[in-house]
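Written out below as structure tokens is the structure these notes cover.
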Amino acid sequence: MSAVKCVLLGALFSSVCLAHVGSPDVFFQGKAGPYPLLVSIRPPDVVPGVARVEVRCLIPGVSGVDLTPMPMTGEASKHPPIADNAQRSEKDPQYFEGSLWLMGTGSWKVRIRATGANGEGELQIPVPSVALKTKPMAPGMSYFLLGMMVFLTVGMVAVVGAGLREARVEPGVEVHGWSRKSIIAMVFASALLLFGVWRGSAWWGEEATASSRKIYQPLSMTASLETPDRLQLHITDAASLIPRKMDDLVLDHGHLMHLFLLQWPDMDRIYHLHPTQAATGYFEIELPSVPKGNYRVYGDIVHENGFAETAVGDVALPDVAGKPLSGDDAGGVTTPANADSFPLDGGYRMVWNHDKTKPISAKELNLYSFSITGRDGKTVSDLEPYMGMGGHAEFIKKDGSVFAHIHPSGSVSMASVAVASPAEMMAMHQSNIGSAVSFPYGVPTPGNYRIFVQLKRAGRVETAAFDLSVAPTP
């Protein structure tokens, strides 16, 4: 069978931010010693820039929170700067917020140190630091500088002419008109100044071009069907400030890539698959049974320095009669039946535990909680870890502008946490899941979303979907 060409989505997803699409903020749930914390980190759009950090202590007793930005690896990671104090809210004593300068691009981490009645604890959270855009000059400042340039240019020409006209005139002698020498000098001065303005404009353009090259460019991914059921993926790198190699990938949840194959635009099917690396930048996988249609592909990878990215592409598939899903691969039909409950095989259901009367707003950090009920309607308590976590969830906006792969610990990959803090990585593995799994996340923009949730019980990964409507930020 001839290869099926994919349509690249690099231009469409110019807002891609690292391990997510259109969702740059970092959310994390973990413990700083004895203190469970819920953390939001909003990285800057430009670098150097200021990141906003919000910390909510889930138990009382924390008296202070310190924040320290540090590179994830390298010599600089061994010499952190002086910590900044987060400010406690006057209305909520368990809420702290602060700001940090991220001075360079690459893989960073924020060290959060909490002190209180139970002593001191520390939490380290990976944060990607890249420039996502350039900030234009304010129109008022542009007009002011243009006016000053004209004023100074005209003034300088006038000074040259007046100086040459009056330099040898005796005191008290009145001068009328411009001499030939002064006019010639003014012409030369005008030409010289105009050349300087032109060269300055050219230099400004060169600097703007150089700055644009520093803006993070997402990875693209082409997909082709090499055999009737084998999909080949090729990751390509656009020009970027951060040199990205494809031979430095590390395992995340036991796999080099987490591939999400999403039927598009209906979003009625999703497959969470795990290709193997065939060569540098190339992956391949034998597909399960997949019906004919257009599919969007998202590939999560992590570099050895903890820098996580998502490669994006598109592929049109024929009817694929593949092998049954097995191991960590999961997915299938995911058309929501209603807003709060999704039917599973055997009379079971996955339930979204939330307050239906409370609207969800953009950029608001929430805990999205899900559980499974049995035939009797009672919540089961035999959930199992799925790839070392309580579960996995994907938040995807229906216009394709947002994709976020979330875990119970938050939006950070396990491999990135392992680089930032091996101890924290061990705490992310949940051996005792309980009866419900919660995912901390703040939806970045208002609109309509679909949440895909995967929980495991009785050795089987269950996949469900729920629709979410997000209101604008109040």
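The values are calculated or read from the model by the stated rules, or taken from the named source; none is laboratory data. These numbers were taken from a predicted model, which means no experiment stands behind them. Every residue, glycine among them, receives a Cβ derived from its backbone with ideal geometry; neighbour counts consider all protein chains shown. Please note that ligands, DNA and RNA were not included when accessible areas were found on the heavy atoms of the full protein model with its side chains. Shrake-Rupley method; radii C 1.70, N 1.55, O 1.52, S 1.80 Å.
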Projecting each Cα onto the charge dipole of the stretch 159-225 (Lys/Arg +1, Asp/Glu -1 at the beta carbon, about the Cα centre), which of V159, V197, M186 comes out farthest on the positive side? V197
Taking Kirkwood radius over Cα pairs in Å as the quantity of interest, determine which of (1) 22.9; (2) 25.3; (3) 23.5 was computed from the displayed structure. (2)
Per residue accessible area of the chain, 1.4 Å probe, in Å²: 47
Cα-based count: Lys pairs in the stretch 123-273 below 26 Å, eight or more positions apart or different chains? 4
Using a 1.4 Å probe on the protein heavy atoms, what percent of the accessible area of the stretch 330-398 belongs to carbon and sulfur? 51
Please work out whether the stretch 100-247 counts as rounded, prolate or oblate from its C-alpha gyration tensor, where a ≥ b ≥ c are the square roots of the eigenvalues and a/c under 1.5 means rounded, while otherwise a/b larger than b/c means prolate and anything else oblate? oblate
Find how much the distance from V187 to T134 grows on full extension, using 0.36 nm per residue of separation minus their present alpha carbon separation; answer in nm with one decimal. 15.3 nm
Mind listing the phi-derived Karplus ³J(HN,Hα) values for the stretch 345-353, rounded to whole Hz, using 6.51, -1.76 and 1.60 with θ = phi - 60°, and x for any glycine or proline? 5, x, x, 7, 9, 9, 10, 8, 8
Hey, can you rank 442-451, 73-82, 183-192 by average C-beta count inside 10 Å, highest first? 442-451, 183-192, 73-82
Ignoring everything but the protein chains, give the 1.4 Å probe accessible area of H354 in square angstrom, nearest 10. 60
What is the magnitude of the charge dipole of the chain about its Cα centre, with +1 placed on the Cβ of each Lys and Arg, -1 on the Cβ of each Asp and Glu, and no other charges, expressed in debye to the nearest 20? 960
Compute the long axis of helix 139-166 from its Cα atoms, compare it with the longest principal axis of the Cα atoms of the chain, and write down the angle in degrees, 0 to 90, nearest 10. 20
Over the stretch 76-136, what relative contact order in percent results from Cα pairs under 8 Å that are six or more residues apart? 24
Note on the chain: contact order normalised by length, alpha-carbon pairs under 8 Å, 6 or more apart, percent, works out to 16
Given unit charges at Cβ for Lys, Arg (+) and Asp, Glu (-), the dipole magnitude of the stretch 27-174 about its Cα centre in debye, nearest 20, is 460
What's the angle, to the nearest 10 degrees (0 to 90), between helix 180-213's Cα axis and the longest principal axis of the chain? 10
How much length would be gained if the chain were fully extended between S179 and V50, taking 0.36 nm per residue of separation minus their Cα-Cα distance, in nm to one decimal? 40.7 nm
Taking the alpha-carbon centroid of each part, what is the distance from the stretch 175-193 to the stretch 269-331 in angstrom? 72
List the residues whose amide H sits under 5 Å from the amide H of V127, counting only those 5 or more places along or on another chain, with H placed 1.01 Å from N in the peptide plane. W108, K109, V110
Which of R180, R349, R52 is most accessible, then next, and so on - probe 1.4 Å: R180, R52, R349
Residue-by-residue Karplus 3J(HN,Hα) for the stretch 358-369, coefficients 6.51, -1.76, 1.60, Hz, glycine and proline x: 9, x, 9, 9, 4, 6, 8, 6, 10, 9, 8, 10
The set of residues whose placed amide H lies less than 5 Å from the amide H of W178, leaving out same-chain residues fewer than 5 positions away, is none
P(r) for the stretch 355-470: what percent of alpha-carbon pairs falls in each 10 Å bin, starting at zero? 13, 42, 34, 11, 0
Provide Rg over Rh for the stretch 208-310; use the alpha carbon set for both Rg and the Kirkwood Rh (inverse mean inverse pair distance). 1.01
Other residues with Cβ under 10 Å from the Cβ of F403 give, with Lys and Arg +1 and Asp and Glu -1, a net charge of 0
Mind checking which of A117, L383, H272 is farthest towards the positive end of the chain's charge dipole, using Cβ charges of +1 (Lys, Arg) and -1 (Asp, Glu) about the Cα centre? A117
